[in-house]
Amino acid sequence: MAETVLETAGLTMRFGGVTASDNVDFKLKARELRCLIGPNGAGKSTFFKCVTGLLTPSEGHVFMRGQEVTGWMPHQVASLGVGIKTQTPNVMDALSVHENIWLAARRFFTPVEAVARTDDVIDRLALGSIARTDLGQLAHGERQRVELGLVVVTDPWLVLLDEPAAGMSAADVDRMTGIILEMTRSAAVVIVEHDMQFIRSIAETVTVFHQGAVLMEDHVDRVMTDETVRRVYLGKKA
Amino acid sequence: MERSAKRDVVVTLIVSAILIAVMPMLIGTYTLTVLVIYGMLGLSLGLIWGFGGILCFGQAAFFGLGAYVYAIAAVNIGESTLPMILAVLLPGAFAAVLGAVMFYGRLTDVYLGVITLVVTLILFKFINSTAGPQYVIGDARLGGFNGIPGFQTLNVPGDSGAYIWGDAYFYVCAVALVIVFLLVTWLLRSSFGRIAIGIRENETRMALIGYDVAARKTVLFAIGAAIAGLAGALFANWAEIVTPNLFSLGQSAEIIIWCIVGGLGTRLGPIVGAAGLAYLKFLLGQQSMIDNTLIMGLVLVIFVLFLPRGLVPAVGSLWHASVGRTARRRPANRRMRRARHG
């Protein structure tokens, strides 16, 4: 059996009186692809931020490859070899695509090696025609793709993606699906997503969040047909 | 990359050699020296603000600190080599501590401005109130608002009788500026510099990649302060007196104006802005028709309105336009983009 690469135990996050994440126990195996879904305010992004170190959980623990990382800074979590993409595109606007990806590669490789890896990723993600263009001049879909490039180039063993398909065209989503499936060959991937079409095309196991807690965790087909899930998530009245 | 780096160094050396040879024929070396020193001070803020995104309202604090450290050390030691080194190291160390407190405290933007401003004010008030005879460091009396006069000025290392002054001192300062400029160029081309620019663009992303943003900003801040300290020590040698006015808010504000007018995000801009505006101020100081702060304010307003990116970037794009490179590239770009999305 594959080892557990990400685990949370009793993860709870409170903002004043609001419990955004409520006692979440979560386990992810190596090279697993997991989608997190749930209605707005279900606590998906809060959970995501607690795992990546952008927020420090009020209670509970986070483990990565057996090591406790609760309360670590984002840069410490990332240094373990975790690739992270936030909800809104977080890129260096005034720098070129090449420079953006090089900066990510440089964190883990020597300058020369970083250039080789950058060129390789630019090829793989078909960014060649815009490699010297500044990020600020690119369309939303391209920016999302570059940000995936920032994640891919570091060769992570755990990838955390928050709404990677948001605001993208169908063609862009297709291309991204391919990239993500390629990632799962070497890494475990967690995707927080709203786009059901996209989830159906990519997911196997899905975790459903509702009011901060895990509602159910099962194969995508069973989740989609489940009555409770349909009620809370797809807005059907009982 | 390697070849363009070498070309950069060669061009810098040739242009600065020509300027150092020609400028003394146009402006007296005594005035030129202080313009060069202000250029270095401008570059120190241009480095941390333009490339590191750290807007420091208190760059004058490090400038003044450098000057006072030099003066106090020179009075006590009597030979200028060690005081010069201390004047670079101490402001750098002070900035490293101050920076670590600010950046690990996750202070940004306006809070950073407030703290650096207040630190400058504290130093100004403190030095101003040290007129009494009890305020001495070794043999040096701090002297309050009268400052410290009569310290050993720059000498040939090892020979405290061989003073470097007048024309020779101008050449020393000019060469120092060229060396600092080349070091800054090298720094910005290195991984450290490129990562610093990445942090300026997006701190969150750089942290998510795995860079320790606070540590890197602290180091850059300290480097900027060390350069300002060197400028301060050179200024002390030029003026042959240090006074609390070095720490004044007016001085701090002026450095920021130099950077804006010259062009933020360029290496040359802050130097050009500093030397240009300081010379303008010098010329305006020779007449009494118009108050020169009024003109300085007007210059700033005009630049912010009409050349918001500053003088050097504006001249740069003018150059590109006249050569025709930009004119040809732009429409092609737009066509490509349309083709990709259409």
Exercise. Say the cut-off is 26 Å between C-alpha atoms; which of A:Lys44/B:Lys217; B:Lys6/B:Lys217; A:Lys27/A:Lys49; A:Lys85/B:Lys6; A:Lys27/B:Lys217; A:Lys49/B:Lys217 go over it?
Worked result: A:Lys44/B:Lys217; B:Lys6/B:Lys217; A:Lys85/B:Lys6; A:Lys27/B:Lys217
For this session: Can you tell me the alpha carbon radius of gyration of region B:10-80 divided by the globular rule-of-thumb value 2.2 N^0.38 Å?
Result: 1.42
Problem set entry | Share of Cα-Cα pairs in region A:53-152 lying beyond 19 Å, as whole percent | 47 percent
Problem set entry | Per-pair calculated FRET efficiency, R0 = 41 Å: B:Tyr104 and A:Arg31 via Cβ, rounded to 0.05 | 0.65
Exercise. What fraction of the Cα pairs in region B:171-248, stated in percent, has a spacing above 16 angstrom?
Worked result: 61 percent
Exercise. With charges only on Cβ, +1 for K and R and -1 for D and E, what is the dipole size of the protein assembly as shown about its Cα centre, in debye, rounded to 20?
Worked result: 1480 debye
Seminar exercise, completed: Per the 1/(1 + (r/R0)^6) rule, R0 = 22 Å and r from the Cβ atoms of A:Asp93 and A:Arg132, FRET efficiency to 0.05 is 0.90
For this session: Please work out the Kirkwood hydrodynamic radius for chain B, using every pair of different C-alpha atoms, and report it in angstroms with one decimal place.
Result: 21.3 Å
Exercise. Dividing the alpha-carbon radius of gyration of region B:89-231 by 2.2 N^0.38 Å (N being the number of residues), what value is obtained?
Worked result: 1.33
Exercise. Based on Cα positions only, what radius of gyration and what Dmax would you give for the protein assembly as shown, in angstroms?
Worked result: 28.7, 96
Seminar exercise, completed: Taking every residue of A:125-137, the Cβ atoms of other protein chains inside 10 Å of its Cβ average out to 1
Exercise. From largest to smallest, what semi-axes in whole angstrom does region A:1-123 give when each is the square root of 5 times an eigenvalue of its alpha carbon gyration tensor?
Worked result: 30, 18, 14
Exercise. Dipole magnitude of region B:2-248 about its Cα centre, charges +1 at Lys/Arg Cβ and -1 at Asp/Glu Cβ only, in debye to the nearest 20?
Worked result: 660 debye
For this session: Give the order of B:Met296, B:Met84 when sorted by the count of other beta carbons within 10 angstrom, beginning with the fewest.
Result: B:Met296, B:Met84
Problem set entry | Computed label-point distance, nm, for sites B:Leu305 and A:Glu59 using a 7 Å Cα→Cβ extension | 6.2 nm
For this session: Please report, in debye to the nearest 20, how large the charge dipole of chain A is about its Cα centre when each Lys and Arg carries +1 at its beta carbon and each Asp and Glu carries -1 there.
Result: 280 debye
Exercise. In what order do B:Tyr104, B:Tyr211 fall by count of nearby beta-carbon atoms within 10 Å, going from fewest to most?
Worked result: B:Tyr104, B:Tyr211
Exercise. Would you list A:Glu142, B:Glu203 from fewest to most Cβ contacts within 10 Å?
Worked result: B:Glu203, A:Glu142
Seminar exercise, completed: Expressed in angstrom, Rg and Dmax over the Cα atoms of region B:77-131 are 14.5, 42
Problem set entry | Calculated P(r) tail over 13 Å for region B:210-262, as whole % of Cα pairs | 71 percent
Seminar exercise, completed: Once both label points are put 7 Å beyond Cα along the C-beta direction, the B:Leu19-B:Thr293 separation in nm becomes 3.0 nm
Seminar exercise, completed: In whole µm²/s, the translational diffusion coefficient that Stokes-Einstein assigns to region B:154-292, given a Kirkwood hydrodynamic radius over C-alpha pairs, 4 °C and 1.567 mPa s, equals 73 µm²/s
Seminar exercise, completed: Whole-number value, in Å³ per residue, for the convex hull of the alpha carbons of region A:88-205 is 98 Å³
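Read-outs throughout are calculated quantities, based only on the coordinates presented, and are distinct from any laboratory measurement. Everything quoted here is computed from the prediction, not taken from an experiment. Every residue, glycine among them, receives a Cβ derived from its backbone with ideal geometry; neighbour counts consider all protein chains shown.
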